[in-house]
Amino acid sequence: MASITLTRRTALSAALGVSLAALALGASAQESAPQIDKIHFIVPGGAGGGWDGTARGTGEALTNAGLVGTATYENMSGGGSGVAMNYLIENAESNYGTLLVNSTPLIIRGLNGEIDTTFRDLTPVAGTIGDYAAFVVRADSELDDMTELLEAFEANPASVSFGGGSVPGGMDHLVAAIAMQAAGIDPLTVNYIPYDAGGEAMAALLSGEIQALSTGFSEAVPLAEAGEIKILAVTAPERVPAAPDVPTLREQGIDSTFINWRGFFAAPGLPEEQLTAYQDVLEAMYDTPEWEEVRARNGWVNIFNRGDEFTAFLEAQEKEMGDLMKRMGFL
């Protein structure tokens, strides 16, 4: 799978531009940290999904730490994030105060033609977190681990349908296919049911429409704690502190790992001083206890790639994911 270069800059520059606040906005923020009056987050999917959680968690940390005055959110579903991306592009100048959250599916959907826009049509701001994937079932499912799920599948493949918040050949499908292949099962035999976003896929699982779900780990943890689902496995190399009772795929004899990056993009043509302001305030966020509270609660992995580093990473992942999709017959 595509690798993520984990970087952190050690020095923060003073941010400029009309969006900067004149005064410090919170006692917990460092006096020298950049300040922004307001950020509007666009989420290209429905409420409850990984994009939604990333945007709202980031906004929560930024505002509670005093780095941003206010954060607002807008869910704009449709077209596998294409609707939101096109909106940002077509209304660029009026959206310079807006950040769009996205993740690995941006690369995959551009490759398979599901969307006609790519990261090159936007302004890459920064990659901010990584999230492992998880395989989950309903809390009342008879399946208690991956071994039982594989046995049920091998006995009757049609009886175990996998759902995910992406199209066939999309990220959730690829994660499921890779895991099944690592378990010795032909991934093309997997009955995969696509949904527009993670929240819709989770609703389908809870309603009994599908038997298993390939989803983001951070999306699954709160519902597992609420007793609505069981997490059979996480795609991390070792157990994640946010849910220490959840075994990895490797622990269950499936040699497979995966991590999904998430990050932010701005409208094309964003003035350089505003881009720097966004990048600086996001980087300052990592050193706040408010961010650590959000990060730990969701089981996210800290990453930070800004500007050219982020673009270079996206280009490398595009090549790696494209090669993988070709090998698996999705391109």
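Here are some notes:
- Taken along the Cα-to-beta-carbon direction at a fixed 7 Å, the label points for E309 and S159 span 5.0 nm.
- Karplus-derived 3J(HN,Hα), 6.51/-1.76/1.60, for each residue of region 152-167, Hz, glycine and proline x: 5, 5, 5, 6, 7, x, 5, 7, 10, 9, 9, x, x, x, 8, 6
- Inter-label distance for D186 and E90, nm, one decimal - labels placed 7 Å from Cα along Cα-to-Cβ: 4.3 nm
- Structural size metrics of region 232-290, computed from C-alpha coordinates, are Rg and Dmax of 17.9, 50 Å.
- Over the chain, dividing the summed -39,500 (n - 2.57) contributions of all DSSP H runs of at least 4 residues by the number of residues returns a 222 nm mean residue ellipticity of -11000 deg cm²/dmol.
- Label-to-label distance for D121 and E60 is 3.2 nm, based on points extended 7 Å past Cα in the beta-carbon direction.
- Seen from every direction in turn and averaged, the convex hull around the alpha carbons of region 126-274 projects onto 10.0 nm².
- Of I185, I107, I303, the residue with the greatest mean-square motion in the GNM of the chain, using alpha carbon springs below 10 Å, is I185.
- Loop-located trypsin sites (Lys or Arg not before Pro) in region 93-167, at most 12 other Cβ atoms within 10 Å (DSSP): none
- Residue range of the chain that is longest and free of GluC sites (Glu not before Pro) which are both DSSP loop and sparsely packed (at most 15 other C-beta within 10 Å): 32-141
- Per-selection Kirkwood Rh - the chain (Cα, Å, 1 d.p.): 20.1 Å
- Summarising the strand pairing of the chain, around 60 percent of its internal DSSP beta bridges are antiparallel.
- Nearby lysines by direct alpha-carbon distance to K38 (threshold 23 angstrom, same-chain neighbours under 8 apart not counted): none
- When the square roots of the Cα gyration tensor eigenvalues are ordered a ≥ b ≥ c, the ratio a/c for region 42-85 is 1.5 or more and a/b exceeds b/c, which makes its shape prolate.
- Remark on N75: its backbone amide H falls under 5 Å from those of V43, a criterion applied only to residues 5 or more positions apart or on other chains, H modelled at 1.01 Å from N.
Every number here is computed from the coordinates shown, using simple stated rules; none is lab data. In this text the structure is predicted, and so the values were computed from the model without any measurement. Here the Cβ is made from the backbone with ideal geometry for all residues, glycine too, and neighbour counts use every protein chain on show.
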